[in-house]
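A short worksheet on the structure shown next.
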Amino acid sequence: MLNKKQEKNLAKLILKDGTKFFGKSFGAMQSISGEVVFATGMVGYPEALTDPSFAGQILVLTYPIIGNYGVPEKKFWESDKVQVSGLIVCDYIDTPSHFAMQMKLGEWLKKEKIPALEIKDTRLLTQKLRNEGVMLGKIQIGKRAIKFEDPNKRNLVAEVSTKKIYEIYPYPVSPYSRGRRKEGVKTIVLIDCGVKQNIVHRLVARNLKVIIVPWNTDITKLKFTVDAVVISNGPGDPQKAKMTIQNIKKIMEKKIPLLGICLGNQLLALALGGTTYKLKFGHRSQNQPVVERGTKKCYLTTQNHGFAVKKIPRDFKEWFYNANDNTNEGIMHKSLPVMSVQFHPESSPGPLDTDWIFDFFLKKANIYGKK
Amino acid sequence: MVKNKFKKILVLGSGALKIGEAGEFDYSGSQAMKALKEEKIQVILINPNIATFQTSKALADEVYFLPVNDYFVEKVIAKERPDGIMLSFGGQTALNCGLALHQKGIFKKYKIEVLGSPILSIELTEDREKFAEHLRKINIPVPPSGSAKSFTEAKKIAEKIGYPLMIRVAFALGGQKSGVAKNTKELEEIVKGALAISPQVLIEKYLHHFKEIEYEVVRDLEGNVVTVCNMENLDPLGIHTGDSIVVAPSQTLNNEEYHGLREASIKIVESLKIVGECNVQFALNPHPSPLPKGEGALDYFVIEVNARLSRSSALASKATGYPLAFVAAKLGLGQTLLEIENKITKVTQSFFEPALDYVVVKIPRWDLAKFVGAVEHIGSAMKSVGEVMAIGRSFEEALQKAVRMQSGLVESVTDNGFQNKKEVLKFLTIPTPRRLFALAAGLKDGMSLKQIHKLTGIDLWFLYRIENIVKIEIKFKKQFKKNKKLNKETMLLLKQTGFSDKKIADLGGKTEIQIRQLRKHMAILPSVFAIDTLAGEVPAKTNYLYLTYHGTHHDVAPLGRNAVIVLGGGPYHIGSSVEFDWSCVSTALALKRQKKKSIIINCNPETVSTDYDMSDRLYFENLSFETVADISEFENAPPLIISVGGQKPNNLAKQLSGENFQILGTKASDIDRAEDRNKFSMLLDQLNILQPKWISFTNMNQALKFTEAEGFPVLVRPSYVLSGSAMRVCYNREQLFNFVKKAAVLSPLHPVTISKYIENAKELEFDGVAQDGALMIYGISEHIENAGVHSGDATIVYPTQRVYASTEFQLRSITKKIVKELAVTGPFNIQFLVKDNKPFVIEVNLRASRTFPLLSKAMDANFPEVAVDSFFGRAKKLHFKYPKGVVVKSPQFSFARLLGADPVLRIEMSSTGEAACFGRDYDEALLKSILSTNQFDFKNKAVLLSLGGDLYKAKFLDTANTLISLGYKIFATDTTAEFFKNNKIKCKTVRKAFEATPNALNIIESKKVAFVVNLSVANKVNEHDEKRRGTDGFHLRRAAVDNQIPLFTDLHLARAFIKALSRYGMKDLEIKSYREYLH
Ligand SMILES: Nc1ncnc2c1ncn2[C@@H]1O[C@H](COP(=O)(O)OP(=O)(O)O)[C@@H](O)[C@H]1O
Ligand SMILES: Nc1ncnc2c1ncn2[C@@H]1O[C@H](COP(=O)(O)OP(=O)(O)O)[C@@H](O)[C@H]1O
Ligand SMILES: [Mg+2]
Ligand SMILES: [Mg+2]
């Protein structure tokens, strides 16, 4: 067995309760602390790693073989950097093969200064997190010990949100017509609490102009007409995004159509008198079944959240619920075009089954929005 | 519970196992029936496959052992009047039968609802041309193609699309008769062959080196859809999925590809309004150009859609733990995915897509070497006879496990017997069952990955993984050579890379046991992990387990001494098939009687035994000593049953008991006394029991001395074989010399034995169960063919029809002696030859035999239950009841799929399955049974006879007269015709195969005859001679099987068949259920 000194030198994941998992480092040689969570999707690690909702978290992937197809160009990422604090896998593949590959996963993580470990029993780790709930942990590389830090105490949304307003137009893809603005294009304001790029893509694909604004922007003070608002996904505890919650109230007063996604669902609920709570180990997978309340229709969704809506605000009804644990998966205003979903209709990674949510919303919002 | 409107449902099975349609349908039918029983629906099953679990009494309310064709199914419908029918659980056979019934308006006539997918959709997916049109309409890409009904049409299409072309056949399965044409000549050959079995061919662009990806989709009546699993073929497009190494989930697809194809499959399934299960096969371009710009730009094509349970869905079920067939059956009843409980977690429901935290590798099992002359290439037409599935936490671990499971002879991908680089290159270039090993060999030889990739089209990702295995092996070997030490780190790495103890031992010059001990000393033991469908996300009550070295904990606690481990049979192959799975499952179930918990170990995804609800615990693992020992030690050494899974687990007896594992039943040393020819022979001599004279020799002089004394013919074989591999009848010295040269290479560890080959002897099977050397229950069955046709290929009848009471008496007393001497406890089988009322023992197997389920069902006695009772000393003697009906079992051959193989009965087994039917007498049962394994046309009153040798001709004379009196027109080849004419039998002479038309081949190809009798004298030419394959007889036989015309190559069977024909017409065959024959 290992002696104390050898053990000290090994790369390891240490959980708050003292459990240690030894591993082999394949990322940046750097120690980090974060909240340890697991995700069960079998494809889409580049998308997951760049999803800002994972900010502050050490991600454990339950699918054991990771790195197979390397990492694609930046334009395929969900944000412009790796968002997780650290990565844990069972079997890292350093010999990827794919036509769209730009670099290896390990190379990328090193470049982005993200530590990553190959520990063998990720299943044990997962079971632990499932039974005891997500917990704080740290990846320690080398001898120097670091402290546990709870990312949920930080305002993660503020950290990952855009600092300035920017616009994206539905330019035709054809190079010949590049630059020609389309007339009569409607404007969606997207409140960036940690937005995944595919939300932008899915809106732009519907011929909409998207203006992305920081998380704390007061929409009612903007100088241009806003046809509808989308509140994005994002990391951490929704209670921390107080300013967004305040601003949602103002949007409601103005009766601007609104769609919340993931964190957006929780923020909408909180703004209008609902409540949220922390799930034991969250939903982080691409196979979450949600049922549309009052129907027999069920959809497979991608989810990535640790908090959920408990009390549904007045004048709202439950739109979707989770078929496995009955937690709330979406709410809808009884009369206004205001609604939100806990899952990711933009997928990426994951199944494309609920892309219709965008059409549904845009139609309710009276915005021309066919693909 | 959800209410449903159905009271009685008819389920169609798939009949005898054949290449392309095998055990997977026993699994799917069984699951479907379980689902129906749960809803308290009365279930009627039609399936003549008596060795299946689905035909057990436990499942269906009524079983009809009848051919699955429109005639018999209609009769059963008229009798039973079910209100629903399920067509999608019996493979292509059931589906085609359903389509025929639909076209005849039978369902309407009897007001039967077809459960599951609409029949129009099924029709659409089966018609390749219409289906391509349909897909184009919904914007799903299909390869440029056209359909043709003649060669002229085909040529036109070919000119339009350009070569190379893929030719595919409508309404067929397993890619039968399909192929790649690079020019007009090849096109003609393939199209003509295809049109012989199907009215339509589809000609399409050959998609060179595309990836082949499959999705398994389920959809309910409400339109809820999930894809339960996707799978990636390691072999690129062009190798049938059934012959490909398959990996689940896909390894080389990124999110966009995975979900893009998933969305396409959902769109297709939605457009077809599938209710239940559906399989979609894709071709995906690995190097698209220009590069796709975001979504919707994947470069892919749909290859085909199967609107039914399939081999792939069985694999997907086992790979994920999602019981596809069970769910599909419930969906067919109108339930929604939300209403069906997830059987594994028991807390979630069936609307979800399993998340795997392991990887699964399937490798096909081929038996091409068993078919003399069969072409070794694999391609778009399936040739494998079985498969294995391995589960691991790294690809290397799973792949190496699968390699070991596949044949039981190979320890690692790096084991390969290639002679030189040239040979490696050849096996890389031409796809064969050995290609996987050529990959490793090429890498070892220093070929570049790029080069191998270019030759094979196999994705670099897979090649890197194999390279990793090769590198680790080389590194270890070097390291070990230097310091003779194997440290813990290296040991763990080797185990995580999937190396077996035995392989490590070989590399390090140690024994397997030494490595095992060292490993245990280092505390390197596999972890027991569960398959829970959700990657550990929810606590699951699952008993579905596998072993891995990528873990530090166990998911379960040992069951302990109150459990019993039952070893399954491994992959289906010639000589070991569904009958052993039946025995294994029946045994596991019977353990309940003794209040024991059952643990099954097996690695074959097409079985019922690997359904996790058939036992208290299932290990989807290899049946090697190492794995069985590891599991056993983890479980705190429960006793083992090794005698119900066929020869494979039986072979472990010595090693397991040598290491002090407790084996239930007959002692290992007694098993050895039965299997070791020398010991067994001595035992027979001691007991004064006759056996064919034999010796075992190590040099040719000994052999010659024997033949001089005993004369030819002789039977030459090595010991310890199951199904006649490397067994040969030699009629002269030259043949003997030639063969021994080859056999000695085959098995240097065992001496070669040579025995007197007894001609014209009767062969009888004695199956039974004994307890402490006393007979508890037994049955005797009779071969219709004489000895010389392998018992697995023989037509067998129960009860015996032409056996003297005195012979049976002798058999019984001989058996009692043997059983007593060997202190047999548990199942056994003895094979006898009888000549002039003198029985000779040719073989004793101290395990359940192939005939076990046949006899159990025929005698209505559960042999496995008696066996289990005997293991615990609690069996009671069962008294014999003479049955009311007669059962005949017929072999099912798959020659049509094996290009170049000679369809003739020999001492080596070549059938892939069997069917059995009951009748009021021998003739009726025989006829039904033959109808179950052949497509016989009663209306066509013409026959082609080609009888070799004077003796056969003379012996056939009466039968020929019978044919005439039945109104048959006889076509006969030259000497046969001459002989008939001399004997005043009217016949039409046909020319030899290659003479001017019309010749024998034309007669067959134009389907002018209902069947062909071709008897050839075997003793003059060696059956394995290259020359022989060029003969007329060979071409005639090939033509018959290629055109699906029943072929008889055995005198006794042909005579029996024609006699039966003279007594029964189609209409005279009774439609009676199994129960009715018993009571
Ligand atoms: N256009 C094509 N180009 C290359 N290979 C093909 C093409 N179409 C089919 N194949 C190969 O042929 C195999 C058998 O074809 P398929 O239509 O799936 O027959 P089956 O009905 O027997 O499954 C496929 O698994 C695939 O590997
Ligand atoms: N001495 C013999 N004379 C004639 N036929 C024999 C003799 N021995 C075996 N056979 C034939 O060969 C077949 C296979 O032999 P067997 O020893 O049973 O092999 P296996 O172990 O494959 O079952 C038998 O079923 C029988 O028909
Ligand atoms: Mg196919
Ligand atoms: Mg035998």
Determine the distance separating the Cα centre of region B:595-658 from the Cα centre of region B:832-905; give it in Å without decimals. 23 Å
Which loop trypsin sites (Lys or Arg not before Pro) in region B:461-514, with loop taken from DSSP, have no more than 13 other Cβ atoms within 10 angstrom of their Cβ? B:K484, B:K485
Please provide three numbers in whole Å: the alpha-carbon extents of region B:904-943 along the principal axes, with the largest listed first. 33, 27, 14
Cα convex hull of region A:70-138, projected area averaged across orientations, nm²: 5.5 nm²
How large are Rg and Dmax for region B:838-989 when only the alpha carbon atoms are used, in Å? 21.1, 66
How much of the calculated P(r) for region A:29-146 lies past 20 Å, in percent of all Cα pairs? 38 percent
For chain B, which semi-axes, largest first and in whole Å, follow from the square roots of 5 times the eigenvalues of its Cα gyration tensor? 40, 37, 31
Kirkwood-based Rg/Rh on the Cα set of region B:135-192 evaluates to 0.98
Aspartates and glutamates whose Cα lies under 16 Å from that of A:K24, excluding same-chain neighbours fewer than 8 positions away: A:E7, A:D91, A:D94, A:E107, A:E118, A:D121, B:E489
If I take R0 = 22 Å and measure r between the Cβ atoms of B:L966 and B:K1067 in this structure, what FRET efficiency does the formula 1/(1 + (r/R0)^6) give, to the nearest 0.05? 0.90
Based on the Cβ-Cβ distance of B:K876 and B:S198, what FRET efficiency does E = 1/(1 + (r/R0)^6) give at R0 = 56 Å, to the nearest 0.05? 0.55
Express the C-alpha Rg of chain A as a ratio against the empirical globular expectation 2.2 N^0.38 Å, rounded to two decimals. 1.00
Do any residues of region A:90-124 lose at least 50 Å² of accessible area when the full set of protein chains is present rather than just their chain alone, and if so which, with a 1.4 Å probe? A:T95, A:S97, A:H98, A:F99, A:K120, A:D121, A:R123
Residue by residue through region B:541-557, the couplings from Karplus 6.51 cos²θ - 1.76 cosθ + 1.60 with θ = phi - 60°, in Hz, x for Gly and Pro, are 9, 9, 10, 9, 10, 8, 10, 8, 9, 9, x, 10, 9, 10, 7, 10, 9
Using only C-alpha atoms and all pairs of different ones, pull out the Kirkwood radius for region B:521-650 in Å with one decimal. 14.8 Å
Looking at region A:37-54, which residues lose a minimum of 10 Å² of accessible area between their chain alone and all protein chains in place, measuring with a 1.4 Å probe and not counting ligands or nucleic acids? A:F38, A:T40, A:M42, A:V43, A:E47
If one computes P(r) from the Cα atoms of region B:21-81, what percent of pairs lie at distances over 12 Å? 67 percent
Multiplying the sequence separation of B:K595 and B:R136 by 0.36 nm and subtracting their Cα-Cα distance, what value in nm do you get? 159.4 nm
Could you work out how far apart the two model spin labels at B:K705 and B:V375 are, taking each label as a point 7 Å from the Cα in the direction of the beta carbon, and quote it in nm? 4.8 nm
Normalised Cα Rg of region A:197-306, dividing by 2.2 N^0.38 Å with N its residue count, works out at 1.15
Amide H of A:Q288 versus every other amide H placed in the peptide plane: which residues, excluding those fewer than 5 positions away on the same chain, fall under 5 Å? A:T301, A:Q303
Which three lengths, in whole Å and largest first, does region B:404-545 cover when its Cα atoms are put on their principal axes? 49, 42, 25
Can you check how the C-alpha radius of gyration of region A:36-94 compares to 2.2 N^0.38 Å, as a plain ratio? 1.03
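So, with a 1.4 angstrom probe, what is the percent of accessible area on the protein assembly as shown that is carbon and sulfur?
C and S atoms contribute 52 percent here.
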Cα Rg, Dmax, region B:117-234, angstrom units: 15.7, 50
Given a 1.4 Å probe, show me the residues in region A:284-319 buried by at least 30 Å² of accessible surface when comparing the whole protein assembly to the chain alone. A:N287, A:K296, A:K297, A:C298, A:L300
Tabulate in residue order the Karplus-calculated ³J(HN,Hα) for region B:797-802, using 6.51 cos²θ - 1.76 cosθ + 1.60 with θ = phi - 60°, rounded to whole Hz; enter x for Gly and Pro. 10, 9, x, 4, 10, 10
Taking placed amide H atoms and a strict 5 Å upper bound, the residues 5 or more places from B:F971 or on another chain that come that close are B:V943, B:L944, B:L945, B:K988
So how far apart, in nm, are the two label points at A:E73 and A:S335 if each is 7 Å from Cα heading toward Cβ? 5.0 nm
Could you please tell me the mean projected area of the C-alpha convex hull for region A:97-172, averaged over all directions and given in square nanometres to one decimal? 10.1 nm²
Any idea of the accessible area per residue across region B:311-457, 1.4 Å probe, to the nearest Å²? 27 Å²
If you bin the C-alpha pair distances of region B:167-243 every 5 Å from 0, what whole percents do you get? 3, 14, 18, 18, 17, 13, 10, 5, 2, 1, 0
Estimated translational D of region B:347-457 in µm²/s (Stokes, Kirkwood radius over Cα pairs; 25 °C; 0.890 mPa s): 156 µm²/s
Under the Debye formula (equal points on every Cα, no solvent term), log10 I(q)/I(0) of region B:925-1079 at q = 0.09, 0.12, 0.15 Å⁻¹: -0.30, -0.52, -0.79
For region B:638-698, list log₁₀ I(q)/I(0) at each q in 0.20, 0.21, 0.27 Å⁻¹, using the Debye formula over Cα point scatterers of equal strength and ignoring solvent, two decimals each. -0.81, -0.85, -1.07
Provide the three semi-axes, in whole Å and in decreasing order, of the ellipsoid equivalent to region A:242-331 as defined by the square roots of 5 times the Cα gyration tensor eigenvalues. 23, 15, 11
Chains A and B: what accessible area do they bury, summed, in square angstrom to the nearest 100, with a 1.4 Å probe? 4700 Å²
Heavy-atom accessible area per residue - region B:172-269, 1.4 Å, Å²: 25 Å²
How far apart, in nanometres, would the label points at B:N487 and B:K182 be if each is projected 7 angstrom from Cα along the Cα-to-Cβ direction? 5.2 nm
Quick calc, B:Q662 & B:K541: beta-carbon distance into FRET formula, R0 30 Å, rounding 0.05, result 0.55
Bounding extents of region B:201-264 in its principal axis frame from Cα atoms, largest first in Å, are 38, 32, 22
Report Rg (one decimal) and Dmax (nearest whole number) for region B:350-399, counting Cα atoms only, units Å. 15.7, 49
Report ³J(HN,Hα) in whole Hz for each residue of region A:316-330, in order, from the Karplus equation J = 6.51 cos²θ - 1.76 cosθ + 1.60 where θ = phi - 60°; Gly and Pro get x. 10, 10, 6, 9, 10, 9, 7, 6, 7, 10, 6, 5, 5, 10, x
Mind listing P(r) for region B:856-927? All alpha-carbon pairs, 5 Å bins, whole percents. 3, 12, 15, 14, 13, 14, 13, 8, 4, 2, 0
With only alpha-carbon atoms in the gyration tensor, what are the semi-axes of the equivalent ellipsoid for region B:594-674, in Å, largest first? 21, 14, 12
Could you give the accessible area per residue of region B:775-883, probe 1.4 Å, as a whole number in Å²? 35 Å²
Using only the Cα atoms, work out Rg/Rh for the protein assembly as shown, with Rh taken as the Kirkwood radius, to two decimals. 0.99
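The values are calculated or read from the model by the stated rules, or taken from the named source; none is laboratory data. Every value quoted in this text rests on a predicted model; they were computed, and no experiment measured them. Cβ coordinates were reconstructed from backbone atoms using ideal geometry, including for glycine residues, and neighbour counts include every protein chain displayed. Just the protein is used for accessible areas: all its heavy atoms, side chains included, with ligands, DNA and RNA removed. Shrake-Rupley method; radii C 1.70, N 1.55, O 1.52, S 1.80 Å.
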